[in-house]
Structure formats: C-alpha cells, structure tokens
Amino acid sequence: MKILKKSLIVILVLLIIGFLAFSIFIGKSVFDGYTNDTTREETLENQVFFEESFQEIKDKYSSEELNIKSSVESHEIPGILLKKKGNKDLAVLIHGMGGTKITLPEEMDLFLEKGFDVILYDQRNSGENLAPHNTFGYLESNDALDVVAYGKDLYPNGKVLLYGESYGGITATIAAGRNEENIDLLVLDCPVSDGKVFLDEILKNIEKETSIPASYMYQTGNLYTRFKLGFSLNDTDGNKWIKNISKPILVLTSTADQVTPQMGEELFSSISHEDKIIETSEFAEHARILQEDSKVFVDALDEFLSKYK
C-alpha cells in the first residue's frame, strides 16, 4: 500500500507539473501571437505605398524630424512635426495596425488646413519604433502621452487635438482615459473599442480546431501578460477608460465597416458626458471615411471644431 501511495503521489505531482508546463506553453503562445500581430518589418513594407503621397504633403509644409524619449521605457519614439504658417494649434495623429507615421497623408493635410500643425509618430513595434510588443493600446498609450506632453510644451497656448485611427483609436482612448491633462479634443476614427474582442475571436477559432477551451487559453495568456508586462488584458477595454475622459469627443463610424463594426457606437455610449458627437458613413470601408465619404468626415470635423475648439 505504501508503494502504491507513493506511486500515486508521484503520478499526481507529474500531472501537476505537466499541466503547469502546458499552461505556460499555451500562455506564451497566446502572448507571442497577439503581441506581434503585425511585425515591425511588415509595417515598413506597408508604408512604401504611402511614401509618394506623404512626400507630396511634406513638400507643402515645413517639417522637423523628432525623436522623443519614452518616459517609462528605454526606447525613443520617432516622429515628424509638420507646420503651416499661421497655425496655432496642434493635432497628434496615431496610425492604425500595420501603419506608420507616414500612412495618414490625407489626415495630415486636412488638419494642417484646419489650423493645426501636426505631429505623427510610429507606434511601438511599428516603423522605426523599436519598442517590442503590440498590446491593444495599453503600452502604446505611454508613447501617446509622451508625444502629447512633448506637443503641449511646443504649443502651450494652443489647443491639442488627439486623433486615433482604428487601432490608434484604442491607443488614444486609453491614453486620454489615463491622463487627459494635455489633451483638449479627441477624435476617434473607426476606433477599436476593446482589444479582447479580436483575441476572443481568434481563440474561439483555435478552440474549434484543437478542442482547447478558449477561456483556458485566454486566462493563461492573461496571466503570462501580467507576468511579462505587468498589465491585464482587461486593461485594454476602451469602454472603461473613456468614462474617465471629460474633454469633447468626436467619433466617426461606418455601417460598412467590417473590421470594427459597432465598436465606435459602443465607445460613444460609454462616454460619461454630453460634449460628444458621432457621425456615421453609410458606405465607407474601415478607416476610409475621409477617402471614400469625405463630406461626412469633413462636415463632422467642422461641426466638432466650431462647437468645441
């Protein structure tokens, strides 16, 4: 009996060790997957298609290359400042997943013509920003706040508008929700509202293929994230952060958006004040409202600026 008991204990210990090892493996796999959804090298390849348009915009205005030191990590945040004579305010533009600081040429031009000088920068793990990991906007918000603070120092008497496109929308939302001190206006263009939604969809598909429960994969990934980076995946819920924001907010959405359907509406509903406007395109694709339904975009921005700038 003693031998049997010892054998059972050994087997139980081995099973526990095996389960823990498997859980660590699954957690790391989930973490590695979502934190490198689009590699930095891919973003550099993507920006090639925008180089000509960006150069045309850049040639119209004066420009200055920026390298802003991160206040919480060791990396620098590469950016560019575009200026038009007579502009007194500043817009900080945040690109979406797969983009870089040069992939918003039409938005740059629009804000410059609306009286805002413009700062664009590479989000972490994008373009020339060497910070690793995509984190559904959470760590990205640190860079956003550093850039906004840098911009406010340059324009102490002007308004600072923070604009986020798609994935950049969740970055902007979390940033403003954490600290809105240097932000006067917020514009969210087809924003991601909650990073977990995309992860949940991927994990459910994996569950169908492997029979590993999606909830188990999520929890192990969440624990690995907390251990590795110090935050929870629940911290990527923009609906939570946007409740902290008291500044005016413009949300742009499209009924034809297949990437972030209803997410803009969700964020808009979560805003805790009445200084907000939402405008919806009937046909523009995701993050293409300015390009495909410009009247909706421009009219909404004009209304927003006339009311709150």
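The values are calculated or read from the model by the stated rules, or taken from the named source; none is laboratory data. In this text the structure is predicted, and so the values were computed from the model without any measurement. Don't worry about glycine lacking a Cβ; one is built from the backbone with ideal geometry, like all the others, and counts go over all protein chains shown.
Quick check: anything in region 219-232 part of a helix (DSSP H, G or I), under 18 Å from the mean Cα position of the chain (by Cα) and within 24 Å of PHE136 (Cα to Cα)?
yes
Just to check your reading of the model, which residue among LYS196, LYS247, LYS243 is surrounded by fewer than 22 Cβ atoms within 10 Å (Cβ to Cβ), basic (Lys, Arg) and at pLDDT below 95?
Result of the check over LYS196, LYS247, LYS243: LYS196.
Quick one: count up the residues across region 129-150 that are part of a loop (DSSP other than H, G, I, E, B), touching a helix residue (DSSP H, G or I) at 6+ places or on another chain (Cβ under 8 Å) and not hydroxyl-bearing (Ser, Thr, Tyr).
Residues flagged as part of a loop (DSSP other than H, G, I, E, B), touching a helix residue (DSSP H, G or I) at 6+ places or on another chain (Cβ under 8 Å) and not hydroxyl-bearing (Ser, Thr, Tyr) within region 129-150 amount to 8.
Can you tell me how many residues within region 51-92 are closer than 14 Å to MET108 by Cβ and within 18 Å of the chain's Cα centre (by Cα)?
3
Is region 229-244 home to any residue that is on the phi < 0 side of the Ramachandran plot, touching an Asp or Glu at 6+ places or on another chain (Cβ under 8 Å) and of a type in the set (A, V, I, L, M)?
Looking for residues that are on the phi < 0 side of the Ramachandran plot, touching an Asp or Glu at 6+ places or on another chain (Cβ under 8 Å) and of a type in the set (A, V, I, L, M), one finds none in region 229-244, hence no.
What is the residue count in region 242-277 for residues that are among the aliphatic types (A, V, I, L, M) and under 13 Å from GLU165 (Cα atoms)?
5
Can you say whether ASN87 is assigned to a strand (DSSP E or B) and either more than 24 Å from GLY195 (Cα to Cα) or of a type in the set (Ser, Thr, Tyr) (or both), as far as the supplied structure shows?
Against the criterion (assigned to a strand (DSSP E or B) and either more than 24 Å from GLY195 (Cα to Cα) or of a type in the set (Ser, Thr, Tyr) (or both)), ASN87 does not qualify.
Is there a residue being touching a residue at least 40 places away in the same chain (Cβ under 8 Å), in a loop (DSSP other than H, G, I, E, B), aliphatic (A, V, I, L, M) and assigned by TED's automatic domain parsing to the domain that holds VAL92 anywhere in region 239-251?
There is at least one residue in region 239-251 that is touching a residue at least 40 places away in the same chain (Cβ under 8 Å), in a loop (DSSP other than H, G, I, E, B), aliphatic (A, V, I, L, M) and assigned by TED's automatic domain parsing to the domain that holds VAL92.
Suppose the filter is touching a strand residue (DSSP E or B) at 6+ places or on another chain (Cβ under 8 Å), free of Cβ contacts under 8 Å to residues at least 24 places away in the same chain, assigned by TED's automatic domain parsing to the domain that holds ASN244 and not in a loop (DSSP other than H, G, I, E, B); does PHE304 pass it?
no
For region 56-63, check the following and say yes or no: at least one residue is touching a residue at least 24 places away in the same chain (Cβ under 8 Å), in contact with a helix residue (DSSP H, G or I) (Cβ under 8 Å, 6 or more places away or on another chain) and part of a strand (DSSP E or B).
no
Only one of (1) within 21 Å of ASP89 (Cα to Cα); (2) modelled with pLDDT under 95 fails for GLU180. Which number is that?
Status for GLU180: all satisfied but (2).
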